[in-house]
Structure formats: structure tokens, C-alpha cells
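Enquirer: Please read through the structure below; I'll follow up with questions.
The values are calculated or read from the model by the stated rules, or taken from the named source; none is laboratory data. All values reported here derive from a predicted model rather than from experimental measurement. No Cβ is skipped: glycine too gets one built from the backbone with ideal geometry, and neighbour counts run over all protein chains shown.
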Amino acid sequence: MAKTGAERYFEKRGKSAEYRDAYERARSAIDEVDQIVGAIEERRVALGLSKAELARRVGVAPESVRRLLSAEHANPTLSTVVSLAKVLDMDIVAVSKRKPRQIA
């Protein structure tokens, strides 16, 4: 089967180390957001809250929560994540992966 124009484009771009590195960084960020949204969804279900009830408690439109928790790759704002977590009695924590380097 013939490749689409998009497939040919990404195949060509994928030969570049710079492109591959940028892609991996973006993919990693998307995966981390997906994990956070997944944890929020699991907590909502565990508490027996509907998406509409969660939206009401957060003070946003039900369709925005439904889209966020149903999307394959959601991209919520940090303030939305914090608001949802607060209502669900969750903490959002940022943890350093490595020791800070000394700045000369």
C-alpha cells in the first residue's frame, strides 16, 4: 500500500537526530500529562462522582470535564489540573529528577 504524504514527510524528518530528540521530548511530556489525567479519572471513579458532578464542584462546564477525561491525549492547563485535584482531595507534586547543578 502506498504511503501517505504525511507518512513520507515524517519518515524523512525522522532521519534527523534533532527531530527525533524533539519528538521524544514531546512524546514524554504527552505521556506525563496522560498519566496525571488518568490518575484524576481513577480517583473520580473511586469516589463515585459523575463527570457532571465533578464539573459542578470545580465550577466549570460539564462538557469541559467530559472532554478532558475522555480525550485520548488531553492537554489541560495546570490550573485545571490543580482545581480537579483539589476537589478530589489529591496532591499534585513536582519532584526533581536530579540534583541541581551549581551555577558559577
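Enquirer: Show the residue pairs that are 6+ apart or on different chains and have beta-carbon atoms under 7 Å apart, the first residue being within the range 17-38 and in contact (Cβ under 8 Å) with a residue 12 or more places away in the chain and of a type outside the set (Gly, Ala, Ser), the second being surrounded by 10 or more Cβ atoms within 10 Å (Cβ to Cβ) and assigned to a helix (DSSP H, G or I).
Expert: Going by the 7 Å Cβ cut-off, the qualifying pairs are ILE36/VAL81; VAL37/LEU68; VAL37/LEU69.
Enquirer: I need the helices (runs of 4 or more DSSP H) fully contained in the chain, keeping only those with at least 2 residues that are loosely packed, with under 13 Cβ neighbours inside 10 Å, on the phi < 0 side of the Ramachandran plot and among the basic types (Lys, Arg).
Expert: Values: elements: 5-13, 17-46, 51-58, 62-70, 78-87.
Result: 5-13, 17-46.
Enquirer: Suppose the filter is touching a residue at least 12 places away in the same chain (Cβ under 8 Å) and in contact with a Ser or Thr (Cβ under 8 Å, 6 or more places away or on another chain); does VAL60 pass it?
Expert: Yes: the conditions hold for VAL60.
Enquirer: Counting only residues that are of a type in the set (Asp, Glu), closer than 19 Å to GLN35 by Cβ and modelled with pLDDT of 85 or more, which one in the range 50-104 is nearest to the chain's Cα centre (by Cα)?
Expert: Applying the first criterion (of a type in the set (Asp, Glu)) to the range 50-104 yields 53, 63, 72, 89, 91.
Add one more test, that the residue is closer than 19 Å to GLN35 by Cβ, and what stays is 72, 89, 91.
From the residues that got through so far, the ones that are modelled with pLDDT of 85 or more too are 89, 91.
Details: ASP89: 19, ASP91: 16 Å.
It comes out as ASP91.
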